[in-house]
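See structure below.
The values are calculated or read from the model by the stated rules, or taken from the named source; none is laboratory data. Everything quoted here is computed from the prediction, not taken from an experiment. Reconstructed Cβ throughout: ideal geometry from the backbone, glycine too, with neighbour counts over all protein chains shown.
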């Protein structure tokens, strides 16, 4: 497994493939994931504010990725906007490795705490369990945030 932080021109499609493969996201959410990568390519990471970590296998296939950025008007606080592993590569520890690499990247930028949000829907139970298993702490749950009966669950993780 190789990790990289440089975004390549074919990464928007790779992200689309990864996010679509999970079966978790609506079409409009998939478009947002792709748009963040396209903004990075068009504007550069500093101007766009979107930073990436990609997990590539030895053959160059991208198996997973994370997208993060600094939270405006905070001091050393970051959001983890997206994290995903291709459905056919799940269960192999790639997500845990990707989380560690993302933590390192955030810490290297001076970040101290990363905020992660996800849905309370039953479908997202494995996601929430993953965050807890990787040392995240559940901080809050906002009722009916995404839709009636679909709460926003917020986790934090100290990266240094």
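What is the number of the single condition among (1) buried (at least 16 other Cβ atoms within 10 Å of the Cβ); (2) closer than 22 Å to residue 29 by Cβ; (3) touching a helix residue (DSSP H, G or I) at 6+ places or on another chain (Cβ under 7 Å) that residue 131 does not meet? Looking at each condition in turn, residue 131 falls short on (3).
Just one of the numbered conditions (1) more than 19 Å from residue 102 (Cβ to Cβ); (2) surrounded by 14 or more Cβ atoms within 10 Å (Cβ to Cβ) is not true of residue 42; which one? Failed condition: (2).
Restricting attention to the stretch 54-89, the residues being in contact (Cβ under 8 Å) with a residue 40 or more places away in the chain, surrounded by fewer than 18 Cβ atoms within 10 Å (Cβ to Cβ) and assigned to a loop (DSSP other than H, G, I, E, B) number 3.
For residue 98, the test of being touching a residue at least 60 places away in the same chain (Cβ under 8 Å) and in contact with a strand residue (DSSP E or B) (Cβ under 8 Å, 6 or more places away or on another chain) is passed.
Per-residue answers, yes or no, for (1) touching a strand residue (DSSP E or B) at 6+ places or on another chain (Cβ under 8 Å); (2) surrounded by fewer than 16 Cβ atoms within 10 Å (Cβ to Cβ); (3) modelled with pLDDT under 95; (4) not in a helix (DSSP H, G or I):
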position	(1), (2), (3), (4)
91	no, yes, yes, yes
103	yes, no, no, no
111	yes, no, no, yes
114	yes, no, no, yes
117	yes, no, no, yes
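For every residue, the table says whether it meets (1) surrounded by fewer than 15 Cβ atoms within 10 Å (Cβ to Cβ); (2) farther than 25 Å from residue 107 by Cα; (3) in contact with a strand residue (DSSP E or B) (Cβ under 6 Å, 6 or more places away or on another chain).
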residue	(1), (2), (3)
19	no, yes, yes
23	yes, yes, no
31	yes, yes, no
36	no, no, yes
48	no, no, no
51	no, no, yes
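Look at (1) part of a helix (DSSP H, G or I); (2) under 30 Å from residue 122 (Cα atoms) and you find that residue 42 fails only one, number (2).
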